[in-house]
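Notes follow once the structure below has been shown.
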Amino acid sequence: MIVANRKTLEEILAMLKPYKKVLLLGCNECVTVCATGGEREVGVLASELRLSRAKEGQEIEIKEQTLERQCDHEYIDQVRPFVGDYEVILSMACGAGIQYVGEKYRTKPVLPAVNTTFLGVTLEQGVWSERCQGCGTCILDQTGGICPIARCAKSLLNGPCGGSSNGKCEVDKDLDCAWQLIVDRLKELGQLDRYEEIIPVKDWTTSRDGGPRRRIREDLKL
Amino acid sequence: MRLNYPTNVKIVKVPCTGRVDVLLILKAFESGVDGVYLAGCLEGECHFLRGNLRAKKRVQYVKTLLDEVGLGSGRVEMYNMSSAQGQRFAEVAREMTEKIRSLGPSPVKKQGVRSKVIG
């Protein structure tokens, strides 16, 4: 899932300063699962905003709406009947959703209420961890199913480096060394010989270095 | 026991403090109350095992939200007492009322509601 963190109330209030009528949009997908921008978080943020404005004796009208997704236009269209009643849209979706809402309602400013951070997993309730960087060329088959791009602080393709100590990374003593994890996993799989293979220089054109990416399935197009 | 406690404390009954959501507490503040406290069962004695422990965490979270909003974290508290501790209930009601009185009225106050108990 895409994991995001909510911006501080101070930042959000600063963005909303000129506005009195706000459409607050949550998203029912990733940001709901990582407890950042789902229906509940929309309710909490709306309440915080109302309390803050009331405290300052200022007015604010907030319409709370949580869409199934903000990355598909058919869901974004659901707010079309009333989007005109509001001065601004405050979105709690990931960066993709925020931008797509803006593309659909070009005359409305769309503001981000969250910082989108990473593609990750739920380690336990309330704890999320990065697993993938979306580099476009997956090498998990060679690295025991553990990604050195996303999980090694240096994204080393042939590790570990000298900063690995007792299985931890020098960047943070609580951070596992990805290459230690890879070696351990390869051992468990009985594939330690794969560790001997040198992984060549990566072609980063499939990642962000090739510019914004796009995927087309001709057979699915209408 | 015929114990007295401040008349400005308004009781909202819930089946367990585990039922008390963050939003419920925030709505209370939006309606203009000066403070909220949860009166949960003693820790380790929750009929639903972890309800009061969940409530405790939520209260901690609401404290951070109230600080962010500028109302101050002291306006919400969690207390634990058994249903047999009427004396303690009255004592907590007085304690919380005094605490909130010292903090003054809520800056978002709208109506005459003074304070609210959930639990």
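A few points about this structure:
- Looking only at the range B:1-30, residues that are farther than 18 Å from B:Glu98 by Cα and assigned to a loop (DSSP other than H, G, I, E, B) come to 8 in all.
- Some residue of the range A:84-97 being within 14 Å of another protein chain (Cβ to nearest Cβ), assigned to a loop (DSSP other than H, G, I, E, B) and either of a type outside the set (A, V, I, L, M, F, W, C) or without any contact (Cβ under 8 Å) to a residue 40 or more places away in the chain (or both): no
- Selection of the range A:154-173 for residues being surrounded by 15 or more Cβ atoms within 10 Å (Cβ to Cβ) and either touching a residue at least 24 places away in the same chain (Cβ under 8 Å) or under 18 Å from A:Thr206 (Cα atoms) (or both) yields A:Ser155, A:Leu156, A:Leu157.
- Scan of the range A:36-52 for residues that are within 11 Å of chain B (Cβ to nearest Cβ) and either more than 15 Å from A:Leu16 (Cα to Cα) or in contact (Cβ under 8 Å) with a residue 24 or more places away in the chain (or both), ordered by number: A:Glu39, A:Arg40, A:Glu41, A:Val42, A:Gly43, A:Val44, A:Leu45, A:Glu48, A:Leu49, A:Ser52
- Residues of the range A:189-199 satisfying the condition of being in contact (Cβ under 8 Å) with a residue 40 or more places away in the chain and either of a type in the set (D, E, K, R) or farther than 18 Å from A:Ala150 by Cβ (or both): A:Leu189, A:Gln191, A:Arg194, A:Glu197, A:Ile198
- Meets criteria (at pLDDT 95 or above, within 17 Å of A:Phe82 (Cβ to Cβ) and touching a helix residue (DSSP H, G or I) at 6+ places or on another chain (Cβ under 8 Å)) for A:Gly43: no
- Top-ranked residue in the range B:55-68 [being in contact (Cβ under 8 Å) with a residue 24 or more places away in the chain and over 24 Å from B:Glu91 (Cα atoms); ranked as nearest to the other protein chains (Cβ to nearest Cβ)]: B:Leu65
- Being in a loop (DSSP other than H, G, I, E, B), more than 14 Å from the chain's Cα centre (by Cα) and modelled with pLDDT of 95 or more is a property that B:Leu53 lacks.
- Count of the range A:21-38 residues, restricted to those that are among the aliphatic types (A, V, I, L, M) and in a strand (DSSP E or B), is 4.
- Residue among A:Gly26, A:Gly57, A:Gly37, A:Gly43 that is at positive phi and assigned by TED's automatic domain parsing to the domain that holds A:Gly102: A:Gly57
- Flag if A:Tyr100 is part of a helix (DSSP H, G or I) and in the same structural domain as A:Thr8 (by TED's automatic domain parsing): yes
- Remark: pairs (first residue in the range A:102-117, charged (D, E, K, R); second residue assigned to a helix (DSSP H, G or I); Cβ separation under 7 Å; 6+ apart in sequence or on different chains) = A:Lys104/A:His73; A:Lys104/A:Ile76; A:Lys108/A:Val83.
Here is a yes/no grid of residues against (1) surrounded by fewer than 19 Cβ atoms within 10 Å (Cβ to Cβ); (2) touching a strand residue (DSSP E or B) at 6+ places or on another chain (Cβ under 9 Å):
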{"site": "B:Ala39", "(1), (2)": "no, yes"}
{"site": "B:Phe48", "(1), (2)": "yes, no"}
{"site": "B:Thr64", "(1), (2)": "yes, no"}
{"site": "B:Met81", "(1), (2)": "yes, yes"}
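- Filter pass, A:Pro18 being over 19 Å from B:Gly70 (Cα atoms) and either at pLDDT below 95 or in a helix (DSSP H, G or I) (or both): no
- Selection status of B:Lys109, modelled with pLDDT of 95 or more and at negative phi: no
The values are calculated or read from the model by the stated rules, or taken from the named source; none is laboratory data. Remember, predicted model here, so these are calculated numbers, not experimental data. Neighbour counts run over all protein chains shown; Cβ positions are idealised from the backbone, glycine included.
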